[in-house]
Amino acid sequence: MDSIWLSTVGSRAGFVALLFILFSCSTFTSTEAYDPLDPNGNITLKWDIISWTADGYVAVVTMYNFQQYRHIQEPGWTLGWTWAKKEVIWNMMGSQTTEQGDCSKFKAGIPHCCKKDPTVVDLLPGTPYNQQIANCCKGGVLNSWAQDPGNAVSSFQVSVGSAGTTNKTVKLPRNFTLRAPGPGYTCGPAKIVKPTQFITSDKRRVTQALMTWNVTCTYSQFLAQKTPTCCVSLSSFYNDTIVDCPTCTCGCQNKTQPDSCVNRNSPHLSSVVSSSGKPLNTPLVQCTSHMCPIRVHWHVKLNYKEYWRIKITITNFNYRMNYSQWNLVVQHPNFDNLTQLFSFKYKSLNPYEGLNDTGMLWGVKFYNDFLSSAGSLDAYPWSPNASSTLVFSLLTTLIATLASLLILSSLS
């Protein structure tokens, strides 16, 4: 459980009643195929042919996470497509296919993959150098563009055979799919674009790809999960009442299936968690009235005429997931008048022209950038003072999705 402090001023700073919060930890309709707080966010695949071979070509495929705050975290991305002809993959660097397929017709020099619809995954950190290329081997993990652009790119090299050997005979792959690591992404068709240019290391020469095409994949919350994955509770300094998360926000306890959640007072907690049999990216939550993996608590700490201050506390009820590189996206009309931020980083997102009411918050590296799983014995991260108050952390992942808040306050 971690906390954050924030102060702001402005004509709309005062509160006369407890905040009314609308948040994306709610159900979505199928028409919401993009993120309203990141309308231009996407993952772009760039496929650069860098050389021709006797029966095909060698290409470098680069994945750019242009999403402002959405990460791809463990177990990482999985990329798939369907070949247009009878192409095979002779070899790969920086990645591998999950299956080889039927290569029985090849008598010598067996291809890496003969499947019509290969599935590709990133290699793990520590892969031998002779199997790596730049920006590979991160276990499929990509950070968000706004938070860590240096680690928002992944690449691999593929040698394709039984394919065209000129720009006119090469056929573009079709039916691209991206899981990161679960569902939620929809990829458009490959489109030929202007060849990518490359600058040599001495910066004295520019080369270019022989052919380039792009594929754009966008995220839909509805496709990822139809039920919420977080909830918000409320309180204020002038009232002892705590408005808890609504009952069954993220689902209800299944009385007929006792393993649907874990009781925090279970005498054999660790054995229950390890023997749950659920995949790593499937939440195993603590038994609560709301049944959410994450709870965000908004507490009004101070409320003066000149400014107000709030404290946000995030609790992780998921026994199967630690959240690193977390972030929190918040909409509030007073974000154009922020005065103080404590123990975290901040970036204004401004998804729409003329609006400065959306902010992204994340932790300081090695200090409070990690949110431990439920039941963890770690007291991390502690604040530097003696109050033992935990400093703020939160997440944004493809598993637990976004915890964005839309706060509507009474005007003072």
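What to note about this one:
- Of note, SER348 satisfies the criterion of being open to solvent by 30 Å² or more (accessible area, probe 1.4 Å), at pLDDT 80 or above and among the small types (Gly, Ala, Ser).
- Residues of segment 326-371 satisfying the condition of being within 17 Å of the chain's Cα centre (by Cα), in a loop (DSSP other than H, G, I, E, B) and more than 14 Å from LEU37 (Cα to Cα): TRP326, GLY363, ASP369
- Residue, least open to solvent (accessible area, probe 1.4 Å), within segment 91-117, restricted to residues that are among the β-branched types (Val, Ile, Thr) and within 32 Å of the chain's Cα centre (by Cα): THR97
- Looking only at segment 289-325, residues that are part of a loop (DSSP other than H, G, I, E, B), buried (at least 20 other Cβ atoms within 10 Å of the Cβ) and of a type in the set (D, E, K, R) come to 1 in all.
- Residue in segment 91-99 that is farther than 23 Å from CYS136 by Cβ, part of a loop (DSSP other than H, G, I, E, B) and at pLDDT 95 or above present: no
- Within segment 47-61, the set of residues being crowded, with 19+ Cβ neighbours inside 10 Å, outside any loop (DSSP other than H, G, I, E, B) and not acidic (Asp, Glu) comprises TRP47, ILE49, TYR57, ALA59, VAL60, VAL61.
- Some residue of segment 135-142 being closer than 14 Å to LYS46 by Cα and either touching a Ser or Thr at 6+ places or on another chain (Cβ under 8 Å) or buried (at least 16 other Cβ atoms within 10 Å of the Cβ) (or both): yes
- Here GLU32 clears all of (1) modelled with pLDDT of 75 or more; (2) within 30 Å of THR282 (Cα to Cα); (3) charged (D, E, K, R) except the condition numbered (1).
- When segment 164-220 is filtered for residues that are loosely packed, with under 12 Cβ neighbours inside 10 Å, part of a loop (DSSP other than H, G, I, E, B) and touching a residue at least 24 places away in the same chain (Cβ under 8 Å), only THR166 remains.
- Among all positions in segment 106-115, there is at least one residue which is over 20 Å from ASN167 (Cα atoms) and part of a strand (DSSP E or B).
- Positions within segment 119-163 being assigned to a loop (DSSP other than H, G, I, E, B) and either closer than 16 Å to TRP81 by Cβ or acidic (Asp, Glu) (or both), in sequence order: ASP148, SER162, ALA163
- Flag for TYR323 being within 19 Å of the chain's Cα centre (by Cα), more than 19 Å from CYS230 (Cβ to Cβ) and of a type in the set (Phe, Trp, Tyr): no
- Positions within segment 62-90 being part of a strand (DSSP E or B) and either open to solvent by 20 Å² or more (accessible area, probe 1.4 Å) or not hydrophobic (A, V, I, L, M, F, W, C) (or both), in sequence order: THR62, TYR64, ASN65, THR78, GLY80, THR82, TRP90
- Restricting attention to segment 257-287 and to residues that are in a helix (DSSP H, G or I) and out of contact with any Ser or Thr (no Cβ under 9 Å at 6 or more places or on another chain), the residue that is modelled with the highest pLDDT turns out to be SER260.
The values are calculated or read from the model by the stated rules, or taken from the named source; none is laboratory data. Since this is a predicted model, take the numbers as computed values, not measurements. We place every Cβ from the backbone using ideal geometry, glycine too, and count neighbours over all the protein chains shown. For accessibility, only protein heavy atoms count, side chains too; no ligands or nucleic acids. Shrake-Rupley method; radii C 1.70, N 1.55, O 1.52, S 1.80 Å.
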